[in-house]
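Inspection log for the structure reproduced underneath, given as structure tokens.
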Amino acid sequence: MWTHAKQLNRGDTRGIPDQYLTEYVIKTDGLTKTYGDVLAVDDLSLTIPRGSIFGLLGPNGSGKTTTMGMLLGLVKPTSGRFSLFDSEMRQEDSLHRVGAIVETPSFYPYLSGRSNLAYFQGITGRNNQNELDDLLIRVGLAERGHSRFRTYSLGMKQRLGLAYALLGDPELLILDEPTNGMDPAGMAEIRDLIPNLATGGRTVLLSSHLLHEVEQVCDSVAILSHGKLIAQGEVSELVNSRGEDKIRLATTDNAKAVNVLSAMDWASEVSLDGDSVVVTAPNERSSDISATLGRSEIYVTEMAVVEMSLEQYFLDVTEDESED
Amino acid sequence: MVINILNLTRWEWFKSRRRLMPWILLAVAVIIGQIPIWIAYSAFHNDDLQALFSGSINSYSASTEVNGELVTVEMTCVELVEGRMPPELGKFPVDERRELVEDLERFRTESCGGTLAKEEYRTAFVLPSAIEEIFKSSMGLLPILIMILAASVVGSEYGMGTLRTVLTKGTGRWPLLSSKLLLVLLTVAGVLVVLAVTAIAASLIAAVIPPSEEGGFADSGKWSEMVVTFGKALYGLSPYIALSALFAVLTQSSAISIAASLSYYVLELIITPLFRINETLEKLTGFILGGSVNNWMQAAFVEVEVNSEGGFNEQTDLFQSFLVILAYIVVLSTVAFWIFQRRDIAGAKGE
């Protein structure tokens, strides 16, 4: 049995032929990595279908980079197995079809950006000068392509890393924090670029701390905590899976409002959060909240429904995991 | 696999040639390689320098009364190894003349061991033996430069964190390390060729500007021997590449691997004479890398002699050196590959 993880139903073809949607680009089975007594990745079974933009999320030290390192042959698994492209081919051969950035991309500081790309293109046995020019233009480094890498800013290094990952038009992109060090404009550019990368059957595995970014670009996510897979699924499914909504309000007497609302059986949780009261209850109870507080001579000055976001979901599930 | 390694080697060269360090090391090798040529040239044309560079400034001096006249005979080591006789020799009667010659011969044997004859200096700067001499004299320095180069080629990838970037392109670990070692080996071959070319250039210059009629373009050996010496030098230097590569993958640092390789080199220089003090330990000196490489290189210049038991002393030593060097190459490389294959690759270490 390969995996117990939930199979994804993307519902978005992006022009990808049906037969590709049934293929898994990455499969892991009981993948485990320990460093001495430290369990970095714990029995990870994961499947990532072709053509998806898949987010790998987790707090620092949750095992995201280690997992990516194992997939890329940089880290030797302690146990378990994995396959790329659902095939039995050697890992080196599989990696020819992969483009990756792991953490901050490292290049030769004494070479120019273009020479670095030429080198990494050359070691795969290819020589296509046009591709180098196109990639430099695509990541916005055309004018600095001949400058030495050591003179690049962190954002420029990250862009070169993206160009490096796109060398050879890979079928699978593994991007570990691709917007790390970028300014807001650069981050927005990359965010816009990523959906365009997942065309023609290409799959993107993305890890990022910026959950808002992930929510915008990813179809599906897996969340790791302490090396374990604690949630996996489509973003919309996960966000809606937490059930009840949250309503945030400000009143003339917040402390008293908490007491009053806590007595209502339709409010599962009421808490004071700074200058506001947060009530966990269905949206349609908004009018009941106003009426109940009014009867106690507490008047609502502001009220808004708090939409569940991936970030909120992430915080909730990782918090639950920590408490367990 | 082979094509992959050759392609990787080509691209290793692409980036290595853009680094400053290999060129600095080459410049050091060339400059230092010239020193013995010009010392030999100077010594050849100047007796005082000949004595000085030979490390022998001893001279024979004796006075005796011949036919009622006090005759003083003075001979330097240089004069003695050149086979010159004192001009006063004719003043001596036949018996005393033989006695004086024997005395001079005894002095030459006992006190002029380090003094080289002029012709021996000459071989160091005339073609083709100058090439042989430059290879020979460089064997003290080249291992150091090669260890620095090999440690840098392998270790700097860890420091810069580029090993991750390279390996995620699917190059494979074995081919990558093989290509690096092959590049260093080819670089060493290139350095030897450059040294040979500079030796030829120096010889030609020395021939054109002789301060006396001596020197010139004299032929002093066989050109074919130079090719053999080139191959032997390359083989003799190979274990140092493997040694540094091993330290580099072990320590994952170019700086530490350079330090470790040089320490090993110096340690050998220290323990070899210490081992010679003890009869049992002395047998181990034949298995020390530096000693074996020295023997391997020096043996090329020694005539093969038949020993009392009918065996060939030099060939036996040569074969043992060959095997010891081969063992070092195989063992060090195997361990280096094994470690490189198994270890996790971390990010940049910031060297």
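The values are calculated or read from the model by the stated rules, or taken from the named source; none is laboratory data. Computed from a predicted model, the values in this text were never measured in an experiment. Ideal geometry is used to build each Cβ from the backbone, glycine not excepted, and the neighbour counts take in all protein chains shown. With ligands, DNA and RNA removed, areas are computed over all heavy atoms of the protein, side chains included. Shrake-Rupley method; radii C 1.70, N 1.55, O 1.52, S 1.80 Å.
For the stretch A:281-299, enumerate the residues that are surrounded by fewer than 17 Cβ atoms within 10 Å (Cβ to Cβ) and either in a helix (DSSP H, G or I) or not small (Gly, Ala, Ser) (or both).
Looking only at the stretch A:281-299, we keep the residues that are surrounded by fewer than 17 Cβ atoms within 10 Å (Cβ to Cβ), and these are A:282-284, A:287-288, A:290-291, A:294-297, A:299.
Within the stretch A:281-299, A:Pro282, A:Asn283, A:Glu284, A:Ser287, A:Asp288, A:Ser290, A:Ala291, A:Gly294, A:Arg295, A:Glu297, A:Tyr299 qualify.
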Within the stretch A:110-126, restricting to residues that are touching a Phe, Trp or Tyr at 6+ places or on another chain (Cβ under 7 Å) and within 7 Å of chain B (Cβ to nearest Cβ), the one that is surrounded by the most Cβ atoms within 10 Å (Cβ to Cβ) is A:Phe120
Conditions (1) open to solvent by less than 60 Å² (accessible area, probe 1.4 Å); (2) at positive phi -> A:His226 fails only (1)
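So, in the stretch A:62-77, how many residues would count as being on the phi > 0 side of the Ramachandran plot and touching a residue at least 60 places away in the same chain (Cβ under 8 Å)? Even if it seems obvious, please write down each step before you answer.
In the first step, residues of the stretch A:62-77 are kept if they are on the phi > 0 side of the Ramachandran plot; the result is A:63, A:73.
Then keep just the ones that are touching a residue at least 60 places away in the same chain (Cβ under 8 Å); that gives A:63.
Here the count works out to 1.
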When A:Arg50 is run through (1) on the phi < 0 side of the Ramachandran plot; (2) in contact with a Phe, Trp or Tyr (Cβ under 8 Å, 6 or more places away or on another chain); (3) open to solvent by less than 10 Å² (accessible area, probe 1.4 Å); (4) not polar (S, T, N, Q), the failure sits at (3)
> Can B:Phe230 be described as buried (at least 17 other Cβ atoms within 10 Å of the Cβ), in contact with a helix residue (DSSP H, G or I) (Cβ under 9 Å, 6 or more places away or on another chain) and more than 27 Å from B:Gly155 (Cα to Cα)?
Replying inline: yes
Scanning the stretch B:299-351 for residues that are within 22 Å of B:Leu185 (Cα to Cα) and either touching a Ser or Thr at 6+ places or on another chain (Cβ under 7 Å) or at pLDDT below 75 (or both) gives B:Ala300, B:Ser321, B:Val324, B:Ile325, B:Ile329
Log entry, pairs with first residue in the stretch B:20-48 being at negative phi and among the small types (Gly, Ala, Ser), second being open to solvent by 60 Å² or more (accessible area, probe 1.4 Å) and assigned to a helix (DSSP H, G or I), beta carbons closer than 9 Å, six or more apart or on different chains, reads B:Ala40/B:Phe53; B:Ala40/B:Glu120; B:Ser42/B:Phe53; B:Ala43/B:Leu52; B:Ala43/B:Phe53
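Taking the stated definitions as given, is B:Arg84 part of a helix (DSSP H, G or I) and open to solvent by 60 Å² or more (accessible area, probe 1.4 Å)? Full working, then the answer.
Numbers: part of a helix (DSSP H, G or I): no; open to solvent by 60 Å² or more (accessible area, probe 1.4 Å): yes.
For B:Arg84, the condition - part of a helix (DSSP H, G or I) and open to solvent by 60 Å² or more (accessible area, probe 1.4 Å) - is not met.
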Over the stretch A:74-91, the set of residues within 7 Å of chain B (Cβ to nearest Cβ) and either buried (at least 18 other Cβ atoms within 10 Å of the Cβ) or under 19 Å from A:Gly145 (Cα atoms) (or both) is A:Leu74, A:Val75
Counting only residues in the stretch A:244-280 that are hydroxyl-bearing (Ser, Thr, Tyr) and assigned to a loop (DSSP other than H, G, I, E, B), the one farthest from the chain's Cα centre (by Cα) is identified as A:Thr252
The stretch B:95-169: helices (runs of 4 or more DSSP H) wholly inside it with 1 or more residues that are open to solvent by 20 Å² or more (accessible area, probe 1.4 Å), touching a helix residue (DSSP H, G or I) at 6+ places or on another chain (Cβ under 6 Å) and among the hydrophobic types (A, V, I, L, M, F, W, C) are B:142-160
